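J.: Got a structure here, written out as structure tokens. Questions coming.
The values are calculated or read from the model by the stated rules, or taken from the named source; none is laboratory data. Remember, predicted model here, so these are calculated numbers, not experimental data. Positions of Cβ are generated from backbone atoms using ideal geometry, with glycine treated the same way; all protein chains shown enter the neighbour counts. All accessible areas refer to the heavy atoms of the entire protein, side chains included, with ligands and DNA or RNA removed. Shrake-Rupley method; radii C 1.70, N 1.55, O 1.52, S 1.80 Å.
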Amino acid sequence: MEDNKKVIFSGIQPSGSLTLGNYLGAIKNWTNLQDEYNCYYCIVDMHAITVPKEPKDLRKNTLEVLANYVAAGLDPDKVTLFIQSHVSAHVELGWVLNCMTYYGELGRMTQFKDKSKKQENNNITAGLFTYPSLMAADILLYQTDLVPVGEDQRQHLELSRDIAIRFNNRYSETFVVPEPYISKVGAKIMNLQDPTSKMSKSDTNDNSYILLSDDDDSIRRKFKRAVTDSLGIVKLSDDQPGVKNLLGIYSKITGESVDNLVQKYEGKGYAEFKEDVAEIVVNELRPLREKRDDLLKNKDYLEEIYHKGAEKAENVARKTLRKVYKKVGFIPR
Ligand code: ATP
Ligand code: LTN
């Protein structure tokens with residue numbers, strides 16, 4: 001029975017085309033969890049508007065993320081796939097949690113610091129600042145046990161845990177306190193042009209990331225140009241972040257250990273290594289891209305998935321919200 005299974009929740013912002021980082025750091029892990037857990041995978045469109053977004057891009061990206069979820073192997077009959085703005089309990093709990101989150105805590109979030117630096121003319125919105133309490137609401141509404149995310153989300157998750165514990169202590173046991181689920185390999189795929197920073201879909205240099213929508217030749221070209229170093233030895237070292245990143249990508253996709261890979265490339269140059277990594281990525285992403293493109297031609301099917309998903313999510317989320325409203329002292333209608 002679904003009810004005995006532990007609960008998983010995770011989400012991706014429809015803030016652009018997804019990258020290899022989103023795929024290896026998040027979605028690929030999710031597909032392995034769908035049989036064992038009761039999974040909710042959300043497209044967090046409300047988070048995406050914390051920085052300015054063109055409405056037509058947001059609509060397009062939202063459907064693309066959903067199509068990517070399904071193309072990557074998430075089965076809509078097993079997991080709940082839905083769009084955040086369809087379940088209003090997210091903002092309703094988000095508000096309550098906002099009132100339990102401290103200004104100082106939010107100010108310490110590194111994602112906020114990074115993203116606010118990128119906003120022109122100091123146009124930093126309150127939404128960008130309070131984003132982590134909405135993320136906590138996403139997670140806590142479903143009484144989530146585990147949250148599979150990339151390394152960059154660890155701090156937000158810590159805050160979600162602190163907020164849950166604070167609420168439980170102040171009122172009484174209400175929320176399950178969620179645990180992060182961050183894989184050892186692939187949890188932080190780096191920028192191909194600057195391997196000391198994270199691969200990000202909002203980067204301005206398109207050689208820095210691989211998009212799930214990139215064609216085979218673009219993928220090959222981007223790996224060929226990937227920044228490495230002048231040592232010319234394939235090994236795992238913090239002094240060689242470019243090579244380390246490529247080893248991580250290779251290992252995450254094939255399942256081969258990094259030690260094996262290092263042996264395999266002993267005495268071989270970067271050119272051959274990069275070509276092989278590119279081929280592995282091309283072969284991994286091609287079927288996904290083809291399936292995704294097919295799905296995007298069938299909008300009715302996608303609509304059916306997010307309709308059904310929102311209904312299932314809503315039922316669970318409402319139950320938690322009702323409890324929370326009662327505990328904080330709101331009079332029922
Ligand atoms: P942006 O780059 O626009 O800030 P993002 O890709 O970091 O956005 P999301 O799309 O919401 O943000 O991230 C979705 C999931 O993908 C999260 O679990 C995040 O940890 C993971 N993720 C994002 N980038 C990487 C990366 N480079 N390596 C591994 N995981 C990643
Ligand atoms: N903050 C995340 C996206 C996100 C999320 C969530 C992830 C919003 N709500 C709930 C896991 C669970 C990000 O920026 N990648």
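J.: Going through the range 185-195 one residue at a time, which ones are more than 10 Å from ligand 1 (Cβ to nearest atom), touching a helix residue (DSSP H, G or I) at 6+ places or on another chain (Cβ under 7 Å) and modelled with pLDDT of 95 or more?
T.: L192, P195
Condition check ((1) at pLDDT 95 or above; (2) β-branched (V, I, T); (3) over 30 Å from E92 (Cα atoms)) across all residues:
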residue: V282; (1), (2), (3): yes, yes, yes
residue: K291; (1), (2), (3): yes, no, yes
residue: H307; (1), (2), (3): yes, no, no
residue: K319; (1), (2), (3): yes, no, no
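J.: Are there any pairs, at least 6 apart or on different chains, whose C-beta atoms fall under 9 Å, with the first in the range 286-307 and over 17 Å from I210 (Cβ atoms) and the second open to solvent by 70 Å² or more (accessible area, probe 1.4 Å), and if so, which?
T.: That search, which allows pairs on different chains as well, returns L295/Y301; Y306/H86; H307/H86.
So that you can scan it fast, the table gives a plain yes or no per residue for (1) within 12 Å of ligand 2 (Cβ to nearest atom); (2) at pLDDT 95 or above; (3) under 16 Å from the mean Cα position of the chain (by Cα); (4) part of a helix (DSSP H, G or I):
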residue	(1), (2), (3), (4)
D35	no, no, no, no
T62	no, yes, yes, yes
L81	no, yes, yes, no
V91	no, yes, no, yes
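J.: Can you tell me which residue among I182, I219, I233 is surrounded by 18 or more Cβ atoms within 10 Å (Cβ to Cβ) and modelled with pLDDT under 95?
T.: Exactly one of I182, I219, I233 is surrounded by 18 or more Cβ atoms within 10 Å (Cβ to Cβ) and modelled with pLDDT under 95, namely I182.
J.: If you take the residues in the range 14-28 that are open to solvent by 20 Å² or more (accessible area, probe 1.4 Å) and over 10 Å from the mean Cα position of the chain (by Cα), which one is nearest to ligand 1 (Cβ to nearest atom)?
T.: S15
J.: Out of all the residues in the range 99-136, which are assigned to a helix (DSSP H, G or I), open to solvent by 40 Å² or more (accessible area, probe 1.4 Å) and within 17 Å of S202 (Cα to Cα)?
T.: Listed by number, the residues that qualify are T110, K113, D114, K115, K117, K118, E120.
J.: Would you say D45 is away from ligand 1 (no atom under 16 Å from the Cβ) and acidic (D, E)?
T.: In short, no.
J.: Based on this model, can you work out whether V70 counts as in contact with a helix residue (DSSP H, G or I) (Cβ under 8 Å, 6 or more places away or on another chain), in a helix (DSSP H, G or I) and modelled with pLDDT of 95 or more?
T.: yes
J.: Mind telling me which of the residues D206, D214 ends up being in a loop (DSSP other than H, G, I, E, B) and exposed (fewer than 14 other Cβ atoms within 10 Å of the Cβ)? Steps first, please.
T.: Details: D214 fails: exposed (fewer than 14 other Cβ atoms within 10 Å of the Cβ).
Unique residue meeting the criteria: D206.
J.: Take residues that are closer than 21 Å to V185 by Cβ and tell me which of the helices (runs of 4 or more DSSP H) falling wholly in the range 221-333 contain 3 or more.
T.: 241-254, 258-264, 270-296
J.: Looking at the range 228-250, is at least one residue closer than 17 Å to I27 by Cα, in contact (Cβ under 8 Å) with a residue 24 or more places away in the chain and of a type in the set (D, E, K, R)?
T.: First, the residues of the range 228-250 that are closer than 17 Å to I27 by Cα: 248-250.
Imposing the further condition that a residue be in contact (Cβ under 8 Å) with a residue 24 or more places away in the chain reduces the set to 248-250.
Applying the additional criterion that residues be of a type in the set (D, E, K, R) yields none.
For the range 228-250, residues closer than 17 Å to I27 by Cα, in contact (Cβ under 8 Å) with a residue 24 or more places away in the chain and of a type in the set (D, E, K, R): absent.
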